[in-house]
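Peer 1: Before I ask anything, here is the structure I am working with.
Nothing in this text is a laboratory measurement; each read-out follows from the coordinates by a stated rule. Everything numeric here is computed off the predicted structure, so don't read it as measured data. As a convention, Cβ positions derive from the backbone with ideal geometry for all residues, glycine included, and neighbour counts pool all protein chains shown.
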């Protein structure tokens, strides 16, 4: 089990280009679709939790999922698996050569990868919306959140606090009726 | 020895206070390694960010590994900085997971998550929107790649396969 976890998160670490959010579709594929370690709902709950914690969401997600599956050792193995590919690659770069970003081959490859990364982040939003049971009536919530965070610079941490409080408030109001 | 301790402490702080994921953390890292400790110049730091974007893995890990090596000229420095930046995560996220699964059936926790789910969808969308910029979309070919990958991803083609294909396409087109 631990070995399976390690391999899954090693893959996740090795194919994440461009920061934590780019990791999400790959984690979902490995953890939800392929290995069924978490349900879609659990996965979304995990995303909410890790985004409200301080620190890198990529490592948080690995630790959280690892803990859910195999407690302490699971979290350790997943974090190690996710961090190891970058550790080795960066170390090699630091030791051997430093001008990788000026390498024309690398630049060409990345010109192809960058728009793909964006597509891989945007498209799963459609599936997440289904999992979150978003209807035409509640569509304004994710749209408003996306606008204030992306263009007005609101911190995701406040949005999460607000949304959580909103959920509790809504359930209390509904009960009163 | 002092440098090792300083590295550990700096990256521990970065791991604790870095709110909002990779890119938000960059400013904090710059402050620690360039302004406070002078482990590298601003130009070197910019290079690291570029290297981080050109290599797989979480940006924080990349920075920690790189700075750890350049500041101490040893792999041990790398390992210490990387471990330090992961340590808060290991503690916080496993505590969070433990808490969530313990109180998952509590009606307030459940209600809070019902409110959170639509917001999370918005947050991921926001991350995607901020990436639609001139760095990632240089010309019409970028838009074509974006469209093809979007359609494939909608029909559940493996994301790792799509990334490799886009990289190969980039190499031959540009």
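Peer 1: Go ahead and set up a Gaussian network model of chain A, Cα springs under 10 Å, then flag whichever of A:69, A:89, A:57 fluctuates most.
Peer 2: Comparing A:69, A:89, A:57 in a Gaussian network model of chain A, the most mobile one is A:89.
Peer 1: Please find, in a Gaussian network model of chain B (springs between Cα atoms separated by less than 10 Å), the residue of B:159, B:58, B:88 whose mean-square fluctuation is greatest.
Peer 2: Of B:159, B:58, B:88, the Gaussian network model singles out B:159 as fluctuating most.
Peer 1: Would you please give the FRET efficiency between residue B:155 and residue B:107, computed as 1/(1 + (r/R0)^6) with r the Cβ-Cβ distance and R0 = 45 Å, to the nearest 0.05?
Peer 2: Values: r = 38 Å, r/R0 = 0.85.
It comes out at approximately 0.75.
Peer 1: Per residue of chain A, what 222 nm ellipticity follows from adding -39500 (n - 2.57) for every DSSP H run with n ≥ 4, rounded to the nearest 500?
Peer 2: Per the formula, -25000 deg cm²/dmol.
Peer 1: Residue B:138 versus residue A:139, label points 7 Å from Cα toward the beta carbon: distance in nm?
Peer 2: Result: 3.6 nm between the two label points.
Peer 1: Taking the simple approach of a point 7 Å from Cα along Cα-to-Cβ for both residue A:88 and residue B:46, what is their distance in nm?
Peer 2: Simple spin-label model gives 3.3 nm for this pair.
Peer 1: Once you sort the root eigenvalues of the Cα gyration tensor of the stretch A:92-177 as a ≥ b ≥ c, which label holds: rounded (a/c under 1.5), prolate (a/b larger than b/c) or oblate (the other case)? Intermediate values should be presented prior to the final figure.
Peer 2: Working: a/c = 3.70, a/b = 2.56, b/c = 1.45.
Prolate, since a/c reaches 1.5 and a/b exceeds b/c.
Peer 1: Compute the acute angle (0 to 90°) between the alpha-carbon long axis of helix A:40-52 and the principal axis of greatest extent of the alpha-carbon atoms of chain A; round to the nearest 10°.
Peer 2: It is inclined by approximately 80 degrees.
Peer 1: For chain A, take the longest principal axis of its alpha carbons; what is the angle in degrees between that and the long axis of helix A:104-122, to the nearest 10 within 0 to 90?
Peer 2: Once rounded, the angle reads 20 degrees.
Peer 1: Report relative contact order for the stretch A:2-131 in percent, whole number only (criteria: Cα-Cα under 8 Å, sequence separation at least 6). Don't jump to the answer; show the numbers that get you there.
Peer 2: On the way: 120 pairs, mean separation 41.5, N = 130.
It comes to 32 percent, rounded to a whole number.
Peer 1: If you don't mind, there's one more thing I want to ask. Using Cα pairs closer than 8 Å and at least 6 residues apart in sequence, work out the relative contact order for chain B, in percent. Walk me through the numbers before you get to the answer.
Peer 2: On the way: 111 pairs, mean separation 33.0, N = 174.
Value for chain B: 19 percent.
Peer 1: Considering only A:52, A:155, A:39, give the residue with the highest GNM mean-square fluctuation for chain A, with springs between Cα atoms whenever their separation is below 10 Å.
Peer 2: Sorting by GNM fluctuation, first place goes to A:155.
Peer 1: With labels modelled as points extended 7 Å from the Cα through the Cβ direction, what inter-label distance (nm, one decimal) is found for residue B:164 paired with residue A:103?
Peer 2: Label-label distance for residue B:164 and residue A:103, simple model: 1.8 nm.
Peer 1: Once every Cα of the protein assembly as shown carries one equal point scatterer and solvent is ignored, give the base-10 log of I(q)/I(0) from the Debye formula at q = 0.08, 0.11, 0.12 Å⁻¹, two decimals.
Peer 2: For the protein assembly as shown, the Cα-only Debye profile gives -0.37, -0.71, -0.84.
Peer 1: Report, in degrees rounded to the nearest 10, the 0 to 90 angle that the Cα long axis of helix A:140-150 makes with the longest principal axis of chain A.
Peer 2: Helix A:140-150 sits roughly 40 degrees off the main axis of chain A.
Peer 1: Given a cut-off of under 8 Å on Cα pairs at least six residues apart, what relative contact order in percent is computed for the stretch B:2-97? Numbers along the way, then the final one.
Peer 2: Values: 103 pairs, mean separation 34.8, N = 96.
Over the stretch B:2-97, the number comes to 36 percent.
Peer 1: Scattering from the C-alpha atoms of the stretch A:134-177 alone, worked out with Debye: what is log10 I(q)/I(0) at q = 0.32, 0.34 1/Å?
Peer 2: Taken in order of the listed q values, log10 I(q)/I(0) reads -1.06, -1.08.
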